[in-house]
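The values are calculated or read from the model by the stated rules, or taken from the named source; none is laboratory data. Please read all numbers here as calculations on a predicted model, not as lab measurements. All Cβ positions, even for glycine, are placed from backbone atoms using ideal geometry, and neighbour counts span all protein chains on display. Remember, those area values only see protein heavy atoms, side chains included, never the ligands or the DNA or RNA. Shrake-Rupley method; radii C 1.70, N 1.55, O 1.52, S 1.80 Å.
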Amino acid sequence: MTTDNLILVRHGESLGNVAREGAEAVQAQVIDIEQRDPDVDLTRRGESQAAALGRWLADVSADTPIRSAWSSPYVRAVRTCEIAVEQAGLAINPHLDERLRDRELGILDLLTWGGVLARYPEEAERRRHLGKMYYRPPGGESWSDVALRLRSFLADRERTEDVERPGADLIVTHDAVILLMRYVLEELTERELLDLAAHQSVGNASVTWLTRSDRAAGWELTTFGANDHLSRYGSEPTTHGAEHDAHPH
């Protein structure tokens with residue numbers, strides 16, 4: 001089998017990232033943004049990050065062909081993917097897959113952690129008791145729910161012809177999804193995943209690269225959350241916390 005590569009990218013800086021950070025700075029309970037979460041777009045800096053990502057991909061593809069591009073259907077991810085693919089000059093059409101979407105928070109959507117404590121103290125207590133991996137807010141998802149849909153996505157990918165051709169698949173998605181991709185692909189334990197989430201951030205338009213030379217040997221991490229390509233190709237790195245998790249740690 002030829003070497004298989006996955007390039008996982010978090011979307012560029014979004015209007016939701018900025019709004020969430022602003023709400024937390026003034027200790028507001030609600031994040032001030034009108035759109036549905038799937039409709040939140042990039043900031044201008046996010047667009048610049050996506051273009052820088054594309055220029056980096058153009059150089060990468062000289063040695064490692066980009067076979068396909070996949071994206072969460074959320075606007076901020078789709079725009080990042082489209083801008084990057086166009087900037088890189090890649091003759092591929094991104095595929096959208098709802099299994100790559102961000103985690104859904106149900107009744108806690110658009111609330112800061114302060115807002116959760118004030119409005120749903122019983123949910124905050126359930127969250128503390130169950131932990132990030134298994135707590136499911138009413139109408140929302142737990143991290144383990146997201147992991148299940150990612151296992152489905154990855155199983156379908158294994159059946160495509162792409163995995164037999166040399167090169168890499170680009171996947172543009174969200175910070176928690178990238179952490180959970182690592183959890184699934186590297187067969188991490190819950191403790192390892194939570195330690196990773198507590199101590200490392202997945203910056204906007206950052207790159208996480210996994211590779212394998214043999215299916216039986218499994219996946220190996222070569223790069224996690226790298227964003228030096230942004231400065232190198234004319235943009236600015238940003239690290240916003242989990243945009244869709246009221247209490248990221």
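Please work out which residue is nearest to the chain's Cα centre (by Cα), limiting yourself to region 10-26 and to residues that are of a type in the set (Asp, Glu) and either open to solvent by 60 Å² or more (accessible area, probe 1.4 Å) or at pLDDT below 95 (or both). First the steps, then the outcome.
Here is the first cut: in region 10-26, the ones of a type in the set (Asp, Glu) are 13, 21, 24.
Now narrow it down to the ones that are either open to solvent by 60 Å² or more (accessible area, probe 1.4 Å) or at pLDDT below 95 (or both): 21, 24.
Values: GLU21: 18, GLU24: 21 Å.
That would be GLU21.
Counting only residues that are open to solvent by 40 Å² or more (accessible area, probe 1.4 Å) and small (Gly, Ala, Ser), how many does region 128-154 have?
If we filter region 128-154 for residues that are open to solvent by 40 Å² or more (accessible area, probe 1.4 Å), which is where we start, we get 128-130, 134, 136, 138-139, 148, 151-152.
Cutting the leftovers down to small (Gly, Ala, Ser) gives us 139, 152.
Matching residues across region 128-154 total 2.
If we scan region 102-122, do we find a residue that is assigned to a helix (DSSP H, G or I), open to solvent by 20 Å² or more (accessible area, probe 1.4 Å) and in contact with a helix residue (DSSP H, G or I) (Cβ under 7 Å, 6 or more places away or on another chain)?
yes
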*asked:* All but one of (1) open to solvent by 50 Å² or more (accessible area, probe 1.4 Å); (2) assigned to a helix (DSSP H, G or I); (3) without any contact (Cβ under 8 Å) to a residue 24 or more places away in the chain hold for ASP32; state the number of the condition that does not hold.
replied: (2)
*Mind checking which residues of region 70-79 are open to solvent by 20 Å² or more (accessible area, probe 1.4 Å) and part of a strand (DSSP E or B)?*
TRP70
*Restricting the search to region 1-29, which residues are outside any strand (DSSP E or B) and polar (S, T, N, Q)?*
THR2, THR3, ASN17, GLN27, GLN29
*Is there a residue in region 53-66 that is polar (S, T, N, Q), surrounded by 16 or more Cβ atoms within 10 Å (Cβ to Cβ) and touching a residue at least 12 places away in the same chain (Cβ under 8 Å)?*
yes
*What residue, of GLN29, GLN49, is modelled with pLDDT of 95 or more, more than 20 Å from the chain's Cα centre (by Cα) and polar (S, T, N, Q)?*
GLN29
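The rows are residues; the columns are (1) within 23 Å of ASP102 (Cα to Cα); (2) not charged (D, E, K, R).
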| residue | (1), (2) |
| --- | --- |
| GLU164 | no, no |
| ASP175 | yes, no |
| ARG182 | yes, no |
| LEU188 | yes, yes |
| GLN200 | yes, yes |
| VAL207 | yes, yes |
| ALA217 | no, yes |
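Please verify whether THR189 is out of contact with any Gly (no Cβ under 6 Å at 6 or more places or on another chain), over 21 Å from PRO73 (Cα atoms), open to solvent by 20 Å² or more (accessible area, probe 1.4 Å) and hydroxyl-bearing (Ser, Thr, Tyr), treating the condition exactly as stated.
Values: out of contact with any Gly (no Cβ under 6 Å at 6 or more places or on another chain): yes; over 21 Å from PRO73 (Cα atoms): yes; open to solvent by 20 Å² or more (accessible area, probe 1.4 Å): yes; hydroxyl-bearing (Ser, Thr, Tyr): yes.
When the stated conditions are applied, THR189 passes them.
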_Anything in region 203-218 that is modelled with pLDDT under 95 and either open to solvent by less than 60 Å² (accessible area, probe 1.4 Å) or among the hydroxyl-bearing types (Ser, Thr, Tyr) (or both)? List them, or say none._
ARG212, SER213, GLY218
*asked:* One residue is enough: does region 80-98 have a residue meeting the conditions surrounded by fewer than 16 Cβ atoms within 10 Å (Cβ to Cβ) and of a type in the set (S, T, N, Q)?
replied: yes
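Just one of ALA58, ALA77 is under 21 Å from ASP156 (Cα atoms), small (Gly, Ala, Ser) and out of contact with any Lys or Arg (no Cβ under 6 Å at 6 or more places or on another chain); which is it?
Details: ALA58 fails: under 21 Å from ASP156 (Cα atoms).
Answer to the selection: ALA77.
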*When the residues of region 192-202 are filtered to those that are touching a His at 6+ places or on another chain (Cβ under 9 Å) and touching a residue at least 60 places away in the same chain (Cβ under 8 Å), which remaining residue is surrounded by the most Cβ atoms within 10 Å (Cβ to Cβ)?*
VAL202
*Cβ-Cβ below 7 Å, separation at least six or inter-chain, first residue in region 71-100 and farther than 12 Å from ARG10 by Cα and of a type in the set (S, T, N, Q), second open to solvent by 60 Å² or more (accessible area, probe 1.4 Å) and part of a helix (DSSP H, G or I): which pairs?*
GLN87/ARG55
